[in-house]
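Structure first, then comments.
Where a number appears in this text, it was derived from the coordinates with a stated rule and is not lab data. None of these values were measured; they are calculated from a predicted model. When we count neighbours, we look across all protein chains shown, and the Cβ atoms used for this are built from the backbone with ideal geometry, even at glycine.
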Amino acid sequence: MRKLPGDVIVLAEAHGRWVVMNVFARTNLGVESESLQVLRDCEYLPKDKMHQKYSQRTFKVWEIKWFSNYKGLFADPTRYVRNITAWSEPERLNYVDLVERFISHYMIIEDEKHYRSCFGPKTSLLDRKHFGNFHQQLGQELILAHRESADEWWVRQKFTSDLQGLRTNLYKSIQGEYLKRYFQRKFVENDVIVDFGCGIGFYSNLMALTGAKVLGIDPNEDYIKQAREYATDGASFEIVNISKAGALDHISTNSADYIFMSDALLFYFVPIVSGQVADIGVLCEDIKRILKPGGTFISMDPHYLFWLQPWLGDNDRPFTILTEYLNKTYGVTPSISSFIKTLTKFGFAITWMEEPTPDPDYESVDPRAYHFSKEFPQWQLYELRVV
Amino acid sequence: MDIKESVLGFFAKQGIVKDLNISKQFEYNYVDNGALDSAGIVEMITEFEESLGIQFSTDDFQSEEFQTIGGLVGIIERLRINND
C-alpha cells in the first residue's frame, strides 16, 4: 500500500523544475512537473491504471542530494545542490523506475512500519538503514566517502591552513567577530581564565590578547601540540581529559575569574561518539570548584534550535522547517529546558544570554548564509554564575 | 598475498572466528555479531585498501555482502580483477 507521507514537501526551483524533499530523511530529488503527477498518482491509481497512463512516457530526474555539511558544520545544511546550473545531466526514467526512485528516497512509503524503524541510531558505521543522528551521519560520510579523520576535518573547515586565522565562513563572520568584541568588552588585564576544550587554542590566544592569563585544556594531544606552537603571551596549554573525575584536581580551587567553553557543552548532552560518556555532573562540580566566588562560566554553543535546520526560501526571506525538538533522533543539541534544568540543578543561575548574528560584511560573501543566520541565530552564548 | 588469507588473517588477528570451521567463517556477519566496532571497521577498511591495493566504493559499503567475511573476499576479488 503506497503512501505519499506528510514528511514530503515540494519546492519550486528555476527552469520549471521542482525539488521533492523528505524533511525527516533529508533526501532530495530534482524533477519536472510531470513527475509530481506520478508522485501523486502512485498512491491512488491501481497498477494497471498507472501503466495505462504512464507507460509511453519518460521522466527526467536529477540526483541532487549530497551531504552538504561536508563543507563544514556551519555550511548550508540543506542537502541538495543549491545552484541549479551545477545540477548534473538528468537521468531519463520510465514511470516504474521513477516510482522506485521515489521509494528509495522515502518520498513514497510502501511499508510504514519499516519506515518508522529507520528513525533511530545507526547500529554500526556501515548501517545505511537507520537514519542515525547528525554525528553518526557525519562520521559515516567522512570515513566511508572521504576516508578522513573527523579531528583533521574539523580543524581544516574552521581554520586557515596556517592555523592562525578563521576561514571566511560563518565561523568567522559570526563566532569569530562576536567573540573578538566580547572578549575585549569582558576581560581585563590579569583576569584568570580557563578554556575548557580549547582545541588548537585559537580563542585562548584571543582571550590572552586582552592581558588575561589563560589556561587552555583539551584531551586531544595533537590539538594541544598545535596550541603550544602558536601560543600567545599569557596563554598556556595542557592535555587534560576534561570529563574524567579527578582530571582537573591540579587546577587550584577558586582560582579562575572565568571558565570558557565554545562548541563543547553540547557533547555532554549528546556525545560525539555513541556510547562515549561525558559526565556533566563531573564537569559542573569542576567548574564550581575552580571558579572564584562571583566568577562566571561562559558557554558558546551551536544554537539549540536553529543549528542544522535547512535554509529554505529566497535568500533574503528565509524560512526553515523543524522536525523535532524535545525528542531528538537527528539533532545533537539539548532542548533549552533540558539545558537550563541541568545547569540549575547543579547550582548555576543564568545571568546573561545572547544570540549573535553575522558581521554585515558577510552579506556579499554568502547572501543565503548571511540572511538565514541573521534571522535564525546559529550560536548562543550563556553566562552562568554559581548560586 | 592470497585475498582469502589476508581477509581471514585480519579477523584471526582480532580474535574473531577462530573457533569456526572454514565455511562458517565465510558466512560470519561481523557487523550483526558486533565483532568490530566503528574503529575496528575503519582499521579493516584501511588495512585491506592499503595492503591489497584496492578502493571500496560507496556501493560496496552499502551491500549486504560487505558485512560477511566471505562477501568481503568476493568484493575484493572483483575489485582486483577490475584493477588488472
Alpha carbon centre of the range B:6-84 versus the range A:220-249: separation in Å? 38 Å
Derived scalar couplings ³J(HN,Hα) [the range B:25-31; Karplus, 6.51 cos²θ - 1.76 cosθ + 1.60; whole Hz; x for Gly, Pro]: 4, 5, 7, 4, 9, 6, 7
Could you bin all the Cα-Cα distances of the range A:166-386 into 5 Å bins starting at 0 and give me the percent of pairs in each, rounded to whole numbers? 1, 7, 14, 18, 19, 18, 12, 7, 3, 1, 0
Compute the separation of the alpha-carbon centres of the range A:115-136 and the range A:332-387 and state it in Å as a whole number. 28 Å
Considering only the range A:166-386, percent of DSSP beta bridges that pair antiparallel, nearest 5: 45 percent
Which residues qualify? For A:Phe159, with a placed amide H closer than 5 Å and at least 5 residues away or on another chain, they are A:Arg167
Return the calculated 222 nm mean residue ellipticity for the protein assembly as shown, to the nearest 500 deg cm²/dmol, obtained by summing -39500 (n - 2.57) across DSSP H runs with n ≥ 4 and dividing by the residue count. -10000 deg cm²/dmol
For the protein assembly as shown, what is the percent of antiparallel DSSP beta bridges, rounded to the nearest 5? 65 percent
Once you have the Kirkwood Rh of the range B:3-83 from its Cα pairs, apply Stokes-Einstein at 37 °C and 0.692 mPa s and quote D in µm²/s. 259 µm²/s
For a 18 Å ceiling on Cα separation, which of these pairs sit above it: A:Lys158/A:Lys186; A:Lys180/A:Lys213; A:Lys158/A:Lys180; A:Lys172/A:Lys213? A:Lys158/A:Lys186; A:Lys172/A:Lys213
If one compares the long axis through the Cα atoms of helix A:177-186 with the longest principal axis of the Cα atoms of chain A, the angle in degrees, nearest 10, works out at 20 degrees
At 7 Å along Cα-to-Cβ for each site, give me the label-to-label distance between A:Ile9 and A:Asp361 in nm. 3.3 nm
Give me the angle, in degrees from 0 to 90, between the Cα long axis of helix A:33-44 and the longest principal axis of the Cα atoms of chain A, rounded to the nearest 10. 80 degrees
Unit charges on C-beta of K, R, D, E only; dipole of chain A, Debye: 900 debye
Of A:Lys244/B:Lys4; A:Lys129/A:Lys225; A:Lys3/A:Lys65; A:Lys292/A:Lys341; A:Lys122/B:Lys4; A:Lys113/A:Lys244, which pairs sit farther than 31 Å apart, going by alpha carbon to alpha carbon? A:Lys244/B:Lys4; A:Lys129/A:Lys225; A:Lys113/A:Lys244
Using a 7 Å offset from Cα along Cα-Cβ at A:Asp97, what residues in the range A:46-70 end up with backbone N under 19 Å from the label point? A:51-65
